[in-house]
1. Can you tell me, using C-alpha contacts under 8 Å and at least 6 residues apart, the relative contact order of the stretch 226-269 as a whole percent?
2. Report, ordered by chain and residue number, the aspartates and glutamates lying within cross-link reach of Lys89, taken as a straight Cα distance under 14 Å and ignoring same-chain residues fewer than 8 apart.
3. Summing +1 for each Lys or Arg and -1 for each Asp or Glu, what net charge is found among the other residues whose Cβ lies under 12 Å from the Cβ of Glu92?
4. Distance between the C-alpha centers of the stretch 208-228 and the stretch 89-112? Whole Å please.
5. Would you mind checking which residues have amide H under 5 Å from Arg295's amide H? H placed 1.01 Å from N; only 5 or more apart, or other chain.
6. Taking θ = phi - 60°, what integer Hz values does the Karplus form 6.51 cos²θ - 1.76 cosθ + 1.60 yield along the stretch 114-129, in sequence order, with x for Gly and Pro?
7. May I ask you to list the lysines whose Cα is less than 23 Å away from that of Lys34, ignoring any residue fewer than eight positions away on the same chain?
8. Can you run phi through the Karplus equation (6.51, -1.76, 1.60; θ = phi - 60°) for the stretch 200-209 and list ³J(HN,Hα) in whole Hz, with x for Gly and Pro?
Amino acid sequence: MRQMPLDAPSGSAVDLTPNEPPKKPQYDPTFTDKVIAATGPNAHLRIAQVMPSLIRHLHDFAREVNLTMGEWMAAIDLINECGQMSDDKRNETQLLCDIVGLESLVDEITSKMLATSTSETPSAILGPFYRQDAPLLPNGDTIVRNLSPSVPWYQKAVEDSAFLTGRVVSGRSGLPIPGAVVDVWHTAPNGLYEQQDEGQPEMNMRGQFETDADGRYSLYALRPVAYPIPDDGPAGRLLAMLDRSPYRPGHIHFIVSAPGFRTLTTQVFDDRDEYIAKDSVFAVKDELVVRFKPRDGDPQARWTLEYDFVLGP
Ligand code: BEZ
Ligand code: FE
């Protein structure tokens, strides 16, 4: 029988005959334990808990792929470059984590650890384009500012005009939550958030809405469009080397908060989007995929989306 030993380079196959003496491990089998055992008795508790696992996975990875010094140095250069190009407007290291799914995974772990029931709306990552202090608007108002025929994407905004409504409810009691705050933001039809685009007014496509006595919010917005994450840095180069698209499916971001409830950070995804199954940052979850319905008789909107948010205690 032909078997592939764990330490063989990929693509090769080695004969293991039953009577052959066991092969010597290719690399020092005591090395990883030695590194882990170097942790001192006064180590920080959580660090001492997580580092042995991190070290073991890192070492196993290096052995598994037969990582060379040249490849390791290329990775160091890439991580350094991420740090060097990061500032308060751009976090390239976070973007690097995003494209390998790490932020979405950690978000899922964190929210599942805190969740008390499966009825709660799943979370999704915040993303780098959130801005605090979006204006508090009355229910029924619009987050699309200064839209006029002179705006380059005016026609698309009219075609995608949408009325968004729903309730914020308690996962525990099922009762509506009056006074919850729904903070919402998305890109313009050109795929840019307002802070990325000098052509858009301040706080365009952003607003906060307080739920009424029935726990209901309502606003005018747009059906969201797909857009590429910033791909002019090392994260973009890695995506290209992986033959992957930088695009995210059209989505609307939400932060839903209410006193006594765990704040929910999430996104909803338009099911018409061709990138729904290939989000470059892996944030899509089935429960967050929504279908906009045609809306009749409303000059302000051609589409409606009804979506309830379920908060945990
Ligand atoms: C966003 O949805 O805004 C986003 C998330 C992760 C990386 C880049 C953008
Ligand atoms: Fe986004």
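The values are calculated or read from the model by the stated rules, or taken from the named source; none is laboratory data. Predicted, not measured: the structure shown is a model, and the values here were computed from it. No Cβ is skipped: glycine too gets one built from the backbone with ideal geometry, and neighbour counts run over all protein chains shown. Protein only, heavy atoms only, side chains kept; ligands, DNA and RNA dropped before computing areas. Shrake-Rupley method; radii C 1.70, N 1.55, O 1.52, S 1.80 Å.
1. Contact order relative to length: 34 percent.
2. Leaving aside aspartates and glutamates fewer than 8 places away in the same chain, those within reach of Lys89 are Glu194, Asp197.
3. -2
4. Distance between centres, Cα-based: 25 Å.
5. Amide H neighbours of Arg295, under 5 Å, 5+ apart: Trp303, Thr304.
6. Running phi through 6.51 cos²θ - 1.76 cosθ + 1.60 with θ = phi - 60° gives 8, 5, 10, 8, 7, 7, 5, 4, x, 8, 8, 4, 5, x, x, 10 Hz.
7. Lys23, Lys24
8. 9, x, 3, 6, 4, 6, 9, x, 10, 9
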